[in-house]
1. Rg and Dmax of region 122-165, Cα atoms, in Å?
2. Taking the Cβ-Cβ separation of residue 189 and residue 104 as r and a Förster radius of 45 Å, what is the calculated FRET efficiency to the nearest 0.05?
3. With each pseudo-label sitting 7 Å past Cα toward Cβ, what's the residue 128-residue 257 distance in nm, one decimal?
4. Amide H of residue 42 versus every other amide H placed in the peptide plane: which residues, excluding those fewer than 5 positions away on the same chain, fall under 5 Å?
5. Report Rg/Rh for region 156-204, rounded to two decimals, where Rg is the Cα radius of gyration and Rh the Kirkwood radius.
6. In whole Hz and in residue order, list the ³J(HN,Hα) couplings for region 54-66 that follow from phi through the Karplus curve 6.51 cos²θ - 1.76 cosθ + 1.60, θ = phi - 60°; x for Gly and Pro.
7. Take the alpha-carbon centre of region 143-202, take the same for region 41-108, and report the distance between them in whole Å.
8. Which of the peptides 258-265, 191-198 is most tightly packed, and how do the rest follow, judged by the mean count of other Cβ atoms within 10 Å per residue?
Amino acid sequence: MLTEQLTADERSELAGLSVPVITVDPGPLELPQLLSRHRAFGATVFEGLVMSSLRIGGQTGIHLLGPGDLLVPRNELWPTWLAELDFRTATSARLGLLGNDLLAAIYQWPRLLQGLYKSLGDQLQRLNVQLVVCQLPRVEDRVMAMLWLLADSWGHVTPGGVRVPLALTHETLGGLVGARRPTVTLALRKLTDDGALVPQDHGWLLVAPPPQPEEPTQRIAPVPPDEVPIGPWAAWPRGEAQEDPSITYAELRDTVDRLREQHASERQQTRDRLTRVRTDRVRIIALRKRIVEDALRRRQPPSS
């Protein structure tokens, strides 16, 4: 994963270097405590499957992380209205710890950083696809598209179809596609009855293809020849004031850029405030300790 961008000579030099690998038992994965205990800033999945879940109100969203994916804890500016970011493993998993060993290797072989970026890019791309899948109107299409998305990462091609060897509960599938468990159960039943998929032990067999992109259904109605206007606004019907779309797009882009810069500035200001607060707290604790020591020293009787 990390060495894909290295040359053959660089890989041979790197052969003797490895990152610490640990095995975690099934159940909740306390990622911040785990990384702190091993002095690591992140982890990568070597074997197994890790389920990342986040709850907003009564709805839980789930993201699956497998071999090659990176695990990072939430940042300190996590919004207060969001629940904690939970990690869980259904079976034992092997994780590689990313810490000072990797940083030292990146210093010597900078192209290792390209491998990290590629892993993050693949992970974000899969998350973007999942976001679109959750917006499909029919739950059956959501479930089928999600199973195909999982098949692209962990599926196996067989003569009868593509097998997805993941034993996911209906509740977990609901968290993946943004639907309730009973709705997912009905969708799976319909897909099974239609022959689109076949339930198997510890997974599914995908028979039908994934949902295909549709052509836009909206068409511009033809304008009679005697009513066709002449000039830069020929595409618009008469009598309707229309804005130049290029100008609207430029204004929108400038607004987004300005908001992005403002957000980055405010975020940096918040980080600076937090740093000052931590520094002041350390000074206050040291001052308080010194005051207590001086008070105790004054109370002691003079030595004879």
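1. Values for region 122-165 (Cα only, Rg and Dmax): 11.3, 32 Å.
2. 0.25
3. Going by the 7 Å Cα→Cβ label model, 2.1 nm.
4. Sorted by chain and number, the residues that satisfy this are 98.
5. On the way: Rg = 11.2 Å, Rh = 11.4 Å.
Ratio value, two decimals: 0.98.
6. So the Karplus estimates, Gly and Pro as x, are 9, 10, 10, x, x, 10, 10, x, 10, 10, 8, 10, x Hz.
7. 24 Å
8. Working: 258-265: 10.0, 191-198: 14.9.
Peptide ranking by packing, descending: 191-198, 258-265.
Every read-out reported here was derived from the displayed coordinates using simple, explicitly stated rules and does not represent laboratory data. The model shown is predicted, which means the values in this text are computed figures rather than measured ones. Ideal geometry is used to build each Cβ from the backbone, glycine not excepted, and the neighbour counts take in all protein chains shown.
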